[in-house]
Amino acid sequence: MGRTLDEKKTIVAELKQTLSESQLAVVIDYQGLSVAEITDLRNRLRPSGTICKVTKNTFMRLAVEEDENWQPMTEFLSGTSAFLLVKDDVGSAIRAYQEFKKTAKKTEFRGGVMQGQALNEEQVKAIADLPSKEELIAQVAGAINSIATKLAVGINEVPASLGRSINEVPASLGRCIQGIAAKEEGNS
């Protein structure tokens, strides 16, 4: 027995909600994967905040048709489709999928969508290679800390240098007096 209209509307509404929380959507062909393999893929994706959704292309088409950000996905909707809906860590999600793809050898990448742009596999891999938000924050913090450290060392060096200069004044004065005295003895 098929689904009722209300059930279908609920499925589409859930897809819209999940898409609204996602940064990236990847469409893959999952034909030939067993339930255990799909479960393995879902388990690999879970730590990155990614949902692997298997649903009818018609439902996904209805979910994206009114949203400009996701409309490019319609070009990938054919055959048996699974959708990787990435909420948080894009890099980890794509790396997890690539590792799964290497071991399972049964999935095919169809395309991705991010910020209203259709992406091919190379573009998605390039996004995955970008540093994560946390890594960027750490790099910026490290750069700021480096500047602060250099500034502190520089500021600390001013009084130390001044102190060495002040210490050198009596010795220099003594050498000057000795030089003048020696010159006067030589002139007499």
Counting just the residues of segment 130-156 that are polar (S, T, N, Q) and more than 14 Å from the chain's Cα centre (by Cα), which one comes out farthest from Lys87 (Cα to Cα)?
Asn156
Keeping to segment 37-79, report how many residues are assigned to a helix (DSSP H, G or I), open to solvent by 50 Å² or more (accessible area, probe 1.4 Å) and not polar (S, T, N, Q).
8
Hits in segment 123-142 - residues which are part of a helix (DSSP H, G or I), open to solvent by 50 Å² or more (accessible area, probe 1.4 Å) and not charged (D, E, K, R):
Gln123, Ala126, Leu136, Ile137, Ala138, Gln139, Val140, Ala141
Answer yes if at least one residue in segment 1-24 is acidic (Asp, Glu), part of a loop (DSSP other than H, G, I, E, B) and within 22 Å of Gln123 (Cα to Cα), and no otherwise.
yes
I'm checking my understanding of the structure. Among residues of segment 101-115 that are of a type outside the set (Lys, Arg) and more than 15 Å from Val27 (Cβ to Cβ), which one is least open to solvent (accessible area, probe 1.4 Å)?
Ala104
From Ile177, Ile166, grab the single residue that is farther than 30 Å from Ile94 by Cα and at pLDDT 80 or above.
Ile177
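The values are calculated or read from the model by the stated rules, or taken from the named source; none is laboratory data. Keep in mind that this is a model prediction, so the values were computed, not measured. Heads up, the Cβs are rebuilt from the backbone with ideal geometry, glycines too, and the neighbour counts pull from every protein chain shown. The protein model used for the area step is the full one, side chains on, heavy atoms only, and it has no ligands, DNA or RNA in it. Shrake-Rupley method; radii C 1.70, N 1.55, O 1.52, S 1.80 Å.
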